[in-house]
Amino acid sequence: MRTRFLQTAALLILTVALAGLVWSPAWWIYLFLVPIVALGVWDSLQTRHAIRRNFPVVGHFRYLLESIGPELHQYFIENATDGTPIDRTKRTYVYSRAKLEHQVHPFGTELDLTEVGYAFMAHSMFPVAHLHPPPRIRIGGPHCTQPYDASVFNIAGMSFGSLSKPAIEALNVGAREGGFFHCTGEGGISPWHLMGGDLCFQIGTGYFGARTPEGAFSPERFRENALRPEVKMIELKLSQGAKPGHGGILPAAKNNLEVSKIRGVSPNIRIDSPPHHTAYEGAEGLLRFVHQLRELADGKPVGFKLCIGERREFEALCVLMAETGLTPDFIAVDGAEGGTGAAPIDFSNHVGLPLEESLTFVADMLHKHGIKDRIRIIAAGKVITAFDIYRTLCIGADICYSARGMMLALGCIQALECHRNTCPTGVATDKPGLTRGLVVADKWVRVRNYHHETVEDFLELVAAAGITDLDQLDRTRIWKRLGPDEIRRYDEIHPMGGNGISAPAR
Ligand SMILES: Cc1cc2nc3c(=O)[nH]c(=O)nc-3n(C[C@H](O)[C@H](O)[C@H](O)COP(=O)(O)O)c2cc1C
Ligand code: SF4
């Protein structure tokens with residue numbers, strides 16, 4: 001039975017059991033009990049706060065503690081930049097934008113500007129007007145016949161199964177209302193992905209949504225899904241930053257009947273996707289497969305997502321792309337700091353290149369081999385704030401993805417139980433008693449607000465830099481502290497391909 005219901009029921013039973021006290025000298029107990037019961041019922045029925053809805057009465061302690069959290073943190077525990085994987089400053093950043101509350105900061109920065117790694121942008125003495133409307137970035141190379149104009153900030157792949165029904169639905173409605181796209185993740189397309197938001201249909205090594213009953217790639221099933229009007233792009237997942245070289249994992253606890261049906265697998269068992277693709281072999285096979293997917297999708301943009309590991313392999317792929325002209329329409333680069341629903345800890349901690357190094361490398365390679373103008377770069381890996389977007393675009397990306405930023409906008413409190421099916425906010429669980437707390441009508445608005453406010457803030461940074469076209473963003477515009485007496489521009493830290501061309505990172 002649901003915890004929330006049990007708590008409310010217990011309070012009611014207690015109230016009834018003590019009814020006799022009305023005639024006893026202890027009648028005054030009612031002065032305490034009645035308001036508590038009323039609060040429990042109210043919490044259980046309201047739709048705005050998932051924690052209160054799922055944990056009536058006791059849920060208030062979270063809000064109480066949260067409200068005095070900054071003081072507790074300041075006096076006793078952590079500073080603003082503590083808290084992993086997403087620190088408190090960034091979590092607060094998302095919550096405030098999602099709720100349209102307190103979007104300005106008092107008294108000055110809490111960051112340590114002398115800390116190694118601190119990054120900042122160079123503003124102009126002559127700021128310009130805010131770009132309006134927000135620019136769209138065209139995705140679609142020479143083989144694409146249905147290019148897509150994307151927002152600079154979009155929802156990264158998180159599958160149905162790793163996220164709950166209402167979470168997927170709220171993300172999709174948020175994307176629809178905010179004009180950005182929603183990557184399905186590798187679990188196939190569920191009915192909750194079809195609320196009218198633009199989709200990037202992802203297939204991974206399990207080919208969910210595009211597989212035969214035996215688990216091989218099915219061109220027919222793929223085409224059925226790829227031709228849906230909501231699907232604007234296709235993403236082939238080679239690897240993911242949190243577990244590169246390891247296939248996706250769906251814990252048994254989250255593989256319910258509905259999830260298993262959409263994926264075409266047996267329910268209630270752990271589903272491990274293989275680490276490698278079976279639909280093609282090697283670099284040339286990959287490029288031909290991308291081409292095949294584009295043909296099956298009637299010319300929609302097709303790209304692949306990867307976390308960079310062995311760099312020679314990627315350079316060899318670039319050589320092949322330049323020689324054959326077989327290019328994807330985009331490459332999504334996921335940093336090793338990327339998130340996941342479930343991953344082996346060694347893969348999360350010690351496999352793959354972080355975003356800064358992989359993004360500079362990918363951008364440089366595409367430039368070096370003369371194919372950057374055909375391929376857009378999408379970047380993911382803790383891109384949460386407007387400055388994160390600014391820096392990522394300066395380093396070499398064309399647009400960005402966010403997974404955990406969007407989860408925070410949905411109400412995620414970073415309880416880190418995504419793999420256990422006990423997510424207290426209903427974001428990453430299929431338990432009805434918990435998903436009930438995530439009310440789509442409230443949460444899609446937060447997703448839309450977070451996206452809108454963050455993009456607006458990004459455009460303010462662009463204006464402060466005196467930039468009138470996003471193409472002017474490059475590595476000369478941002479700096480990083482490397483030591484107590486040393487700051488360097490990004491184009492000095494990451495010269496283009498080490499070949500002396502420094503400015504055109506994009
Ligand atoms: C709960 C969860 C589920 C994810 N599922 C997928 C997936 O199905 N396919 C995929 O390519 N990446 C998946 N990712 C990775 C994200 O798409 C993204 O690349 C990564 O988390 C980096 O973005 P972030 O730092 O904004 O979270 C998932 C991430 C999370 C947090
Ligand atoms: S609240 Fe915790 S369990 Fe739920 S999605 Fe966020 S991190 Fe995962």
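The values are calculated or read from the model by the stated rules, or taken from the named source; none is laboratory data. Keep in mind the model is a prediction, meaning the values are calculated, not measured. In this analysis, Cβ positions are derived from the backbone assuming ideal geometry, glycine residues included, and neighbour counts consider all displayed protein chains. When the accessible area is computed, the model is the full protein with side chains, heavy atoms only, and any ligands, DNA or RNA have been set aside. Shrake-Rupley method; radii C 1.70, N 1.55, O 1.52, S 1.80 Å.
Of D398, D430, which has the most accessible area with a 1.4 Å probe, and how do the rest follow in descending order?
Descending order: D430, D398.
Would you grab the residues whose amide H sits under 5 Å from the one on F181? Only those 5+ places off in sequence or on another chain, please, with H modelled 1.01 Å from N.
Amide H to amide H, under 5 Å and 5 or more residues apart or across chains, F181 pairs with S151, I155.
Farthest toward the dipole's positive end in region 80-128, which of T114, G83, L100, given Cβ charges of +1 (Lys, Arg) and -1 (Asp, Glu) about the Cα centre?
L100
Can you order the peptides 37-43, 466-472, 233-239 by their average number of other Cβ atoms within 10 Å per residue, highest first?
Answer by packing, highest mean first, reads 233-239, 37-43, 466-472.
Can you give me the angle between helix 282-296 and the longest principal axis of the chain, using Cα atoms only, in degrees from 0 to 90, rounded to the nearest 10?
Value to nearest ten degrees: 70.
May I ask for the distance between the Cα centers of region 200-235 and region 79-130, given as a whole number of Å?
39 Å
Filter K305/K431; K165/K232; K254/K431; K90/K243 down to the pairs with a C-alpha to C-alpha distance above 19 Å, please.
Going by Cα-Cα distance, K305/K431; K165/K232; K90/K243 fall outside the 19 Å limit.
Just to confirm the number: angle between the C-alpha axis of helix 88-99 and the first principal axis of the chain, 0 to 90 degrees, nearest 10?
Approximately 80 degrees, to the nearest ten.
Collect residues whose amide H, placed 1.01 Å from N in the peptide plane, falls under 5 Å from the amide H of R138; neighbours closer than 5 in sequence don't count.
Here A150 satisfy the definition.
By how many degrees, 0 to 90 and rounded to 10, does the Cα axis of helix 386-395 deviate from the longest principal axis of the chain?
For 386-395 against the chain, the angle is about 20 degrees.
Residue farthest toward the positive end of the dipole of the chain, with Cβ of Lys/Arg at +1 and Asp/Glu at -1: which of F181, L326, S266?
Sorting the options by dipole projection puts first S266.
Write out the cysteines belonging to the chain for which the nearest other cysteine Cβ is not under 4.7 Å, or none if no such cysteine exists.
C144, C307, C318, C394, C400, C412, C418, C423
So how do 333-346, 98-111 stack up, highest first, on mean other-Cβ count within 10 Å?
333-346, 98-111
From the P(r) of region 137-493, can you give the percent of Cα pairs sitting at distances over 27 Å?
The share of Cα pairs beyond 27 Å in region 137-493 comes to 43 percent.
To the nearest Å, what is the center-to-center distance of region 244-299 and region 415-462, using C-alpha atoms only?
Cα centroid of region 244-299 versus Cα centroid of region 415-462: 25 Å apart.
Taking only protein heavy atoms and a 1.4 Å probe, what accessible area per residue, in Å², does region 137-493 have with all protein chains in place?
Result: 34 Å² per residue.
Is it possible to state the helix-based mean residue ellipticity at 222 nm for the chain, with each DSSP H run of 4+ residues giving -39500 (n - 2.57), the sum divided by total residues, to the nearest 500 deg cm²/dmol? What is it?
Dividing the helical sum by the residues of the chain leaves -11500 deg cm²/dmol.
Once amide H atoms are placed 1.01 Å from N in the peptide plane, what residues at a sequence separation of 5 or more from I487, or on another chain, have their amide H within under 5 Å of its amide H?
Placed amide hydrogens put L482 under 5 Å from I487.
Report the charge-dipole magnitude of the chain in Debye, nearest 20, computed about the Cα centre from +1 at each Lys and Arg Cβ and -1 at each Asp and Glu Cβ.
Computed about the Cα centre, the dipole is about 1440 debye.
Among G206, P484, Y148, whose Cα sits farthest toward the positive end of the charge dipole of the chain (+1 at Cβ of Lys/Arg, -1 at Cβ of Asp/Glu, about the Cα centre)?
G206
Mind ranking 187-194, 58-65 by how tightly packed they are, going by the mean number of other C-beta atoms within 10 angstrom, highest first?
Taking the mean over residues of other Cβ atoms within 10 Å, the ranking is 187-194, 58-65.
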